[in-house]
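S.K.: For reference, the structure I am asking about is given below.
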Amino acid sequence: MEIKNLLENSNIDIPKENIKYNEPMSKHTSFKVGGLAECYVKIDDVNQLKQLLDLVQKNKIPYFILGNGSNILVTDNGVKGIVIQINIKKYEIIQKENHIEAIIGAGNKLSEVAQKFLKEEITGFEELSGIPGTFGGAIKMNAGAHKKEMKDIVESVTVLDENNNLLVLKNEDLQFEYRHSILFNKKYIVIEVKLVLHKGNYDQIKEKMDEYKKYRIEKQPIEYPSAGSTFKRGTNYITAKLIDEANLKGYTIGGAQVSEKHAGFIINKGNATAKDILELIEYVKEKIYETSKEKIDLEVEIVGEK
């Protein structure tokens, strides 16, 4: 049975407006490229997610879990099956004797929560305030900036496992590494996260957030669609520096370009296809191996049909 008939004849409790067919993924990724998702479903709570996963698992339908789409590149051929966009929101602050616990939904955006923390004078999150993603994705890839990573403030994460059971994983269970966690190896879906933060001073928090915002504006090509840093840094080298030294800044294939502002970013100059970006990624990797003998790795996740 095709996906549309299957969903329409099921009893899942998902609003019709949350389900779309042949949905352009360019509307849901920060790169602003990508083909069609066969089906796109926005999930607002864990019960909807359980119902949908039960349905897709019984019918062997492929699915992909999407957050804010800020660290993925969807191919021009699009995505078969169902793209499940996690929009589960929660914001709860618990004052403890020596710290503050913040319980945040997987679908909450880091930038929006950072503004709430500022208003409530909660410190410890300033470095991460400009990351353009949701908490689900940030946990999965151990997102970080300005020498701070999610692992530094996470106490525990509630996930839905492959059998639709809720599990609470402690920080050490998540096996955090640089831009990696156990969530790349397990079919776990983040539902919510518990952070450990502290009471701070509004002016000091705002000063730090403004400083990091100024840095991003000056140093990163945020005026163009991208997925942030395209490549991971190496253990003994800075990838953007190698790209710069290889004179690749400004190198263009189609509508894709190695940013002239920051060599670590590949940007969409306005009319790029996923094919342009993929070809530019491969070109950069080849050139860096030629000039530096280093095999650089992608930070961006490639999704969809080849």
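The values are calculated or read from the model by the stated rules, or taken from the named source; none is laboratory data. Note that the structure is a prediction, hence the values are computed from the model and not measured. Every residue, glycine among them, receives a Cβ derived from its backbone with ideal geometry; neighbour counts consider all protein chains shown. In case anyone asks, the SASA skips ligands and DNA or RNA and just uses the protein heavy atoms, side chains included. Shrake-Rupley method; radii C 1.70, N 1.55, O 1.52, S 1.80 Å.
S.K.: About its Cα centre, how strong a charge dipole does the stretch 1-143 have in debye, to the nearest 20, once Lys and Arg get +1 and Asp and Glu get -1 at the Cβ?
M.R.: It works out to roughly 400 debye.
S.K.: Additional query: Separation between the Lys213 and Asn77 pseudo-spin-labels, each 7 Å from Cα along Cα→Cβ, expressed in nm?
M.R.: Placing both labels 7 Å beyond Cα along the Cβ direction yields 4.3 nm.
S.K.: To the nearest 20 debye, what charge dipole does the stretch 145-243 have about its Cα centre, counting +1 at the Cβ of each Lys and Arg and -1 at the Cβ of each Asp and Glu?
M.R.: In debye, rounded to 20, the stretch 145-243 gives about 360.
S.K.: List the lysines whose Cα sits under 16 Å from the Cα of Lys241, skipping any in the same chain fewer than 8 residues away.
M.R.: Straight-line reach from Lys241, under 16 Å: Lys219, Lys232, Lys249, Lys261, Lys285, Lys287, Lys293, Lys295.
S.K.: Additional query: Order these peptides, 88-101, 25-38, 266-279, by their mean beta-carbon neighbour count within 10 angstrom, highest first.
M.R.: 25-38, 266-279, 88-101
S.K.: Can you list residues whose amide H is under 5 Å from Ala37's amide H, if they're 5+ apart or on another chain and H is modeled 1.01 Å from N?
M.R.: Glu23, Met25, Val79
S.K.: To the nearest 20 Debye, how big is the dipole of the chain about its Cα centre, given +1 on the beta carbon of each Lys and Arg and -1 on that of each Asp and Glu?
M.R.: Value, rounded to 20: 280 debye.
S.K.: Something else about it: What percentage of all Cα-Cα pairs in the stretch 1-72 are separated by more than 21 Å?
M.R.: Distances greater than 21 Å cover 25 percent of the Cα pairs.
S.K.: Right, next: Which residues' amide hydrogens lie under 5 Å from the amide hydrogen of Glu301, considering only partners 5 or more residues apart or on another chain, with H built in the peptide plane?
M.R.: Answer set, sorted by chain and number: Ile72, Leu73.
S.K.: Report the net charge of residues surrounding Gly137, where surrounding means a beta-carbon distance below 11 angstrom and charges are Lys +1, Arg +1, Asp -1, Glu -1. Please list the in-between numbers first.
M.R.: On the way: positive: Lys109, Lys140; negative: Glu301.
Net local charge, Gly137 excluded: +1.
S.K.: Which residue fluctuates the most in the chain, going by a Gaussian network model with Cα springs under 10 Å, if the choices are Asn59, Asn185, Asn247?
M.R.: Asn185
S.K.: Something else now. What is the sum of charges, Lys and Arg at +1 and Asp and Glu at -1, for the other residues whose Cβ falls under 13 Å from the Cβ of Ser156?
M.R.: Local net charge: -2.
S.K.: Turning to a different aspect of this structure: Which one, Thr134, Ile205, Gln220, projects farthest toward the positive side of the charge dipole computed for the chain from Cβ point charges (K/R +1, D/E -1)?
M.R.: Gln220
S.K.: Carbon-plus-sulfur fraction of the accessible area of the chain, 1.4 Å probe, in percent?
M.R.: Of all accessible area on the chain, carbon and sulfur atoms account for 45 percent.
S.K.: Still on this structure: How large is ³J(HN,Hα) for each residue in the stretch 62-75, as worked out from phi by the Karplus curve 6.51 cos²θ - 1.76 cosθ + 1.60 (θ = phi - 60°), to whole Hz, x for Gly and Pro?
M.R.: So the Karplus estimates, Gly and Pro as x, are x, 8, 10, 8, 10, x, 9, x, 9, 9, 10, 10, 8, 5 Hz.
S.K.: Right, another one. State in Å² the accessible area per residue of the stretch 189-306; use a 1.4 Å probe, count heavy atoms of protein chains only, and round to the nearest integer.
M.R.: 56
S.K.: Once amide H atoms are built 1.01 Å from N in the peptide plane, which residues 5 or more positions from His198, or in another chain, come under 5 Å H to H?
M.R.: Result for His198 returns Ile100, Thr123.
S.K.: For Asn185 and Glu223, calculate 0.36 nm times their separation in residues minus their Cα-Cα distance, and state this gained length in nm to one decimal. Walk me through the numbers before you get to the answer.
M.R.: Values: separation 38, 0.36 × 38 = 13.68 nm, distance 3.37 nm.
Additional length available on full extension: 10.3 nm.
S.K.: On to the next question. Semi-axes of the equivalent ellipsoid of the chain: what are they in whole Å, largest first, if each equals the square root of 5 times a C-alpha gyration tensor eigenvalue?
M.R.: For the chain, the ellipsoid semi-axes come out as 30, 28, 17 Å.
S.K.: Here's a follow-up. For the stretch 201-217, just list the computed ³J(HN,Hα) in residue order, Karplus coefficients 6.51, -1.76 and 1.60, θ = phi - 60°, integers in Hz, with x standing in for Gly and Pro.
M.R.: Per residue, the Karplus-derived 3J(HN,Hα) values read 10, 3, 5, 5, 5, 5, 4, 5, 5, 5, 4, 5, 5, 4, 4, 4, 5 Hz.
S.K.: Something else now. Can you give the Kirkwood hydrodynamic radius of the stretch 106-157 from its Cα pairs, in Å with one decimal?
M.R.: Hydrodynamic radius (Kirkwood, Cα pairs) of the stretch 106-157 is 11.0 Å.
S.K.: Any aspartates and glutamates with Cα under 16 Å of the Lys147 Cα? List them, leaving off those in the same chain fewer than 8 positions away.
M.R.: The reachable aspartates and glutamates, counting only those whose Cα sits under 16 Å from Lys147, are Glu126, Glu127, Glu177, Glu211.
S.K.: Same structure, new question: Which number do you get for Rg(Cα) / (2.2 N^0.38 Å) in the stretch 115-209?
M.R.: Ratio of Rg to 2.2 N^0.38 Å for the stretch 115-209: 1.13.
S.K.: Considering the Cα trace of the stretch 42-133, what is its radius of gyration and what is Dmax, both in angstroms?
M.R.: 16.7, 53
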